[in-house]
Amino acid sequence: MRQVRTFVDDEYTIHSADGRQLTLKGSALEFSLDVTDAESGTVYAQVTRSLGDLPTFLLSKETFLVSFAPGADETVRSVTIGALLAIDMIRKKERRADAVS
């Protein structure tokens, strides 16, 4: 997974085992991402973050809502879920590092 970060937007590029290149691109502030096929531009999924209720927000718990397009096969779904887990772990690690410094 390769990440390109600008001030407001994030872009991740992922190469799946079947040779496809998927791009996860969206807003870092709102944590909304579109998962697209880099070659065809087909949007396979949309991901949004739900802050939930106040106790959930205060405990830093996040819920992600993923909507897959009908054309998203098992590989796309697996890659998307795996990438979201990796992004979430990276973000948590960055927050911990910021809290220590």
Answer yes or no as to whether Val76 is within 15 Å of the chain's Cα centre (by Cα), assigned to a strand (DSSP E or B) and modelled with pLDDT of 80 or more. no
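Per-residue answers, yes or no, for (1) among the aliphatic types (A, V, I, L, M); (2) modelled with pLDDT under 75; (3) loosely packed, with under 13 Cβ neighbours inside 10 Å; (4) in contact with a Gly (Cβ under 7 Å, 6 or more places away or on another chain):
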{"site": "Val47", "(1), (2), (3), (4)": "yes, no, no, no"}
{"site": "Pro55", "(1), (2), (3), (4)": "no, yes, yes, no"}
{"site": "Val66", "(1), (2), (3), (4)": "yes, no, no, no"}
{"site": "Ala97", "(1), (2), (3), (4)": "yes, no, yes, no"}
{"site": "Val100", "(1), (2), (3), (4)": "yes, no, yes, no"}
Is it the case that segment 43-60 has a residue that's of a type in the set (D, E, K, R), more than 19 Å from Ile14 (Cα to Cα), touching a strand residue (DSSP E or B) at 6+ places or on another chain (Cβ under 8 Å) and part of a loop (DSSP other than H, G, I, E, B)? no
Of everything in segment 14-24 that's assigned to a strand (DSSP E or B) and surrounded by fewer than 15 Cβ atoms within 10 Å (Cβ to Cβ), which residue is modelled with the lowest pLDDT? His15
On the basis of being in contact with a strand residue (DSSP E or B) (Cβ under 9 Å, 6 or more places away or on another chain), at pLDDT below 90 and open to solvent by 80 Å² or more (accessible area, probe 1.4 Å), does Glu30 make the cut? yes
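The values are calculated or read from the model by the stated rules, or taken from the named source; none is laboratory data. Note that the structure is predicted; figures quoted are calculated from it, not measured. Counting neighbours? That spans all protein chains shown, and the Cβs are built from the backbone with ideal geometry, glycine included. Remember, those area values only see protein heavy atoms, side chains included, never the ligands or the DNA or RNA. Shrake-Rupley method; radii C 1.70, N 1.55, O 1.52, S 1.80 Å.
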